[in-house]
Structure formats: structure tokens, C-alpha cells
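Colleague: This is the structure, below, for whatever I ask next.
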């Protein structure tokens with residue numbers, strides 16, 4: 001085999017492996033990369049990733065969620081606290097299903113602290129919004145990434161702008 005043939009075969013094998021692994025449509029390798037250190041008056045104070053974050057997501061839902069990874073960002077600043085939960089589902093369809101299921105469970109649970117659910121489309125992404133616990137809660141899925149952002153309602157546009165264009 002000639003050296004050029006070997007290089008071409010090597011390039012093809014690498015390309016096929018990248019396709020088989022799902023390419024880059026599921027987002028970055030580390031979900032922490034999606035959590036900006038600062039944005040519009042917020043400062044990232046704490047990041048939880050990997051197994052610790054996945055365990056926290058499962059505790060929050062009181063069940064095991066099918067996910068490949070998770071990250072949680074706790075922010076503080078002049079606009080009050082903001083918490084960003086991100087999980088990577090097993091695929092885009094699973095991510096959309098998880099976002100819808102999360103909203104449904106939040107709204108139908110007896111004695112739920114959440115109310116006033118609504119739905120909008122932002123840049124082709126379905127964004128679900130509820131109110132509760134003194135904050136607005138934005139839930140959406142982009143590709144295989146599922147987001148839950150809790151923040152002061154006055155700052156929803158800033159958060160949506162930052163996280164809808166992330167990854």
C-alpha cells in the first residue's frame with residue numbers, strides 16, 4: 001500500500017468514526033463550556049458537572065433521567081440568582097421529549113408550586129415557561145441538550161439570548 005493510499009484510508013476511517021459517534025450535533029464535550037463566566041450582570045459562582053450534576057438532576061426529578069452528561073451553573077448578581085441546569089439526552093428526539101415531560105409533570109403534580117405555563121418559539125426552538133418559587137422557569141431543548149433556567153422574570157430575554165445561541 002502506498003503512503004498516499006494509507007493517508008486517504010486513515011482519513012476515511014476517522015471521518016466514519018466521527019459520524020458514528022454522532023458528530024458534534026449534541027453539543028460540546030464539556031457542558032460547562034455552555035455556562036459563561038459572566039453575562040449581563042450575573043457572575044458564575046459555582047459549576048457542578050459530570051456524575052455530581054447527573055445525580056443532582058436525578059434527585060430533582062426523584063427518578064433516573066436518561067442522560068449522557070449534565071452541568072449546573074449557579075449565578076449571582078444585581079439581577080438576583082439564576083440557576084442553569086443542562087443535561088445531554090441520548091438524542092434530539094429524547095431531549096424534546098424530556099423537556100415536554102418535565103413541563104407536564106411540573107404542572108400536574110398535586111400541590112405544585114408552579115403555575116402560568118406558556119409556550120413560545122424563539123429562533124425555531126420551543127421554549128416552555130412557568131412561574132413559581134419567586135422566579136420564572138424556562139425549559140427548552142436544543143438538539144440533545146435540555147435546559148432549565150430559573151431566574152428573575154425581568155431578565156428572561158437576556159438569558160434566552162445567551163443560552164439559545166450557546167453550543
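Colleague: For residue 130, are the conditions met, namely being without any contact (Cβ under 8 Å) to a residue 60 or more places away in the chain and crowded, with 19+ Cβ neighbours inside 10 Å?
Modeller: Working: without any contact (Cβ under 8 Å) to a residue 60 or more places away in the chain: yes; crowded, with 19+ Cβ neighbours inside 10 Å: yes.
Criteria met by residue 130.
Colleague: Tally time: how many residues in segment 74-86 are surrounded by 14 or more Cβ atoms within 10 Å (Cβ to Cβ) and over 20 Å from residue 143 (Cα atoms)?
Modeller: Step one: of segment 74-86, the residues surrounded by 14 or more Cβ atoms within 10 Å (Cβ to Cβ) are 74-77, 79-86.
Subsequent filtering for residues that are over 20 Å from residue 143 (Cα atoms) retains 74-77, 79-83.
Result for segment 74-86: 9.
Colleague: I've got another one for you. Going through 135, 66, 98, 121 one at a time, which residue ends up being surrounded by fewer than 16 Cβ atoms within 10 Å (Cβ to Cβ) and touching a strand residue (DSSP E or B) at 6+ places or on another chain (Cβ under 9 Å)? Can you show your working first?
Modeller: Working: 135 fails: surrounded by fewer than 16 Cβ atoms within 10 Å (Cβ to Cβ); 66 fails: touching a strand residue (DSSP E or B) at 6+ places or on another chain (Cβ under 9 Å); 98 fails: surrounded by fewer than 16 Cβ atoms within 10 Å (Cβ to Cβ).
The conditions single out 121.
Colleague: Take segment 151-167 and flag every residue that is touching a residue at least 40 places away in the same chain (Cβ under 8 Å) and closer than 16 Å to residue 41 by Cβ.
Modeller: The answer is 151, 152, 154, 155, 158, 159, 162, 163.
Colleague: Same structure again: Collect the residues in segment 146-167 that are assigned to a strand (DSSP E or B) and more than 10 Å from the chain's Cα centre (by Cα), keeping them in residue-number order. Step through it out loud before you land on a result.
Modeller: Let us first name the residues in segment 146-167 that are assigned to a strand (DSSP E or B), namely 146-151.
Passing the criteria: 150, 151.
Colleague: Does segment 21-36 contain at least one residue that is modelled with pLDDT of 90 or more, touching a helix residue (DSSP H, G or I) at 6+ places or on another chain (Cβ under 7 Å) and farther than 25 Å from residue 155 by Cβ?
Modeller: No, the conditions are met nowhere in segment 21-36.
Colleague: Okay, next question. Residues that are more than 16 Å from the chain's Cα centre (by Cα) and within 21 Å of residue 162 (Cβ to Cβ): which strands (runs of 3 or more DSSP E) entirely in segment 35-103 hold 2 or more of them? Before the answer, list the steps.
Modeller: Numbers: elements: 42-49, 69-77, 82-88.
In segment 35-103, 42-49, 69-77 are the strands (runs of 3 or more DSSP E) which contain 2 or more residues that are more than 16 Å from the chain's Cα centre (by Cα) and within 21 Å of residue 162 (Cβ to Cβ).
Colleague: Exactly one of (1) modelled with pLDDT of 95 or more; (2) touching a helix residue (DSSP H, G or I) at 6+ places or on another chain (Cβ under 7 Å) is unmet by residue 143. Its number?
Modeller: Condition not satisfied by residue 143: (1).
The values are calculated or read from the model by the stated rules, or taken from the named source; none is laboratory data. Just so you know, these numbers come straight off a predicted model, no measurement behind them. Ideal geometry is used to build each Cβ from the backbone, glycine not excepted, and the neighbour counts take in all protein chains shown.
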